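J.: Let me give you the structure first, and then I'll get to my questions.
The values are calculated or read from the model by the stated rules, or taken from the named source; none is laboratory data. What you see is a predicted model; the values in this text were computed from it and never measured. Reconstructed Cβ throughout: ideal geometry from the backbone, glycine too, with neighbour counts over all protein chains shown.
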């Protein structure tokens, strides 16, 4: 429970910081740069462990990581500028789905336990996956009905939430796979209850860009 409280408080603080930055051009720019730098440092540490004596593969991995982080930052910047309410609320909607998916998975996984889903992420269970979908749909639906006048979806909102939750979980598994290759538990220790920056934004890194693309269709 103590670990969960740390995880929840950290998630809420980060969500608040990001939501606040959506109202300030300079703050958003600083936040995106800071996230990208910290994430790149952690990627470098991971790939250094994976490719100990393979400098070329290490370099390629860092270049690809940097390219994706730039894409991640630019697609958010391009979508939200010039800071209209519809775009800001849409970003918060996507973030809320990712966070509630993570929290729901943690609660159900720890409470119900059960069969492990994959060796890539030893803590991920089928009950946790179910919890991720259920909690994100509940929280996401509440937010959607509260701000539906700003959220323009060309898809059914429940299906949209389900897809974003699924993508967020795939992002989580992707970083878990890299961590397993590097033989480490966390990518860092900067965030209480989570570990490193990549431990917190693993699902967000993949879900936000795809979510923006789906919202823009």
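J.: Looking at the stretch 164-214 only, could you name the residues that are in a helix (DSSP H, G or I), over 12 Å from the mean Cα position of the chain (by Cα) and under 24 Å from residue 12 (Cβ atoms)?
T.: The answer is 176, 212.
J.: Restricting to the stretch 49-77, count the residues that are in a helix (DSSP H, G or I) and free of Cβ contacts under 8 Å to residues at least 24 places away in the same chain. Don't jump to the end; show me each part of the working.
T.: Going residue by residue through the stretch 49-77, those that are in a helix (DSSP H, G or I) are 49-50, 55-77.
Now restrict to residues that are free of Cβ contacts under 8 Å to residues at least 24 places away in the same chain: 55-64, 67, 74.
Residues in the stretch 49-77 being in a helix (DSSP H, G or I) and free of Cβ contacts under 8 Å to residues at least 24 places away in the same chain: 12 in total.
J.: What number of residues within the stretch 93-117 satisfy the criterion of being closer than 21 Å to residue 15 by Cα and over 12 Å from the mean Cα position of the chain (by Cα)?
T.: 5
J.: Let me spell it out: the conditions are (1) farther than 22 Å from residue 207 by Cα; (2) outside any loop (DSSP other than H, G, I, E, B); (3) in contact with a helix residue (DSSP H, G or I) (Cβ under 6 Å, 6 or more places away or on another chain); (4) at pLDDT below 95, and residue 105 meets all of them except one. Which number is the exception?
T.: Tallying (1) farther than 22 Å from residue 207 by Cα; (2) outside any loop (DSSP other than H, G, I, E, B); (3) in contact with a helix residue (DSSP H, G or I) (Cβ under 6 Å, 6 or more places away or on another chain); (4) at pLDDT below 95, residue 105 fails exactly one: (1).
J.: Considering only residues that are under 27 Å from residue 100 (Cβ atoms), in contact (Cβ under 8 Å) with a residue 24 or more places away in the chain and in a helix (DSSP H, G or I), which ones fall in the stretch 13-28?
T.: At the first step, the residues of the stretch 13-28 found to be under 27 Å from residue 100 (Cβ atoms) are 13-24, 27-28.
Imposing the further condition that a residue be in contact (Cβ under 8 Å) with a residue 24 or more places away in the chain reduces the set to 14-15, 18-19, 22-23, 28.
Within the stretch 13-28, 14, 15, 18, 19, 28 qualify.
J.: A further question on this structure: When you check residue 129 against the structure, is it under 15 Å from residue 160 (Cβ atoms), out of contact with any helix residue (DSSP H, G or I) (no Cβ under 6 Å at 6 or more places or on another chain) and at pLDDT 80 or above, yes or no?
T.: Criteria not met by residue 129.
J.: To continue, here is another question. Being touching a helix residue (DSSP H, G or I) at 6+ places or on another chain (Cβ under 8 Å), farther than 20 Å from residue 213 by Cβ and surrounded by fewer than 18 Cβ atoms within 10 Å (Cβ to Cβ) is the requirement here; does residue 120 meet it?
T.: yes
J.: In the stretch 142-163, how many residues are in a helix (DSSP H, G or I) and closer than 19 Å to residue 210 by Cα?
T.: Count: 8.
J.: Now for a separate question. If residue 186 satisfies all but one of (1) closer than 22 Å to residue 41 by Cβ; (2) surrounded by fewer than 19 Cβ atoms within 10 Å (Cβ to Cβ); (3) out of contact with any strand residue (DSSP E or B) (no Cβ under 7 Å at 6 or more places or on another chain), what's the number of the condition it fails?
T.: That leaves (3) as the condition not met.
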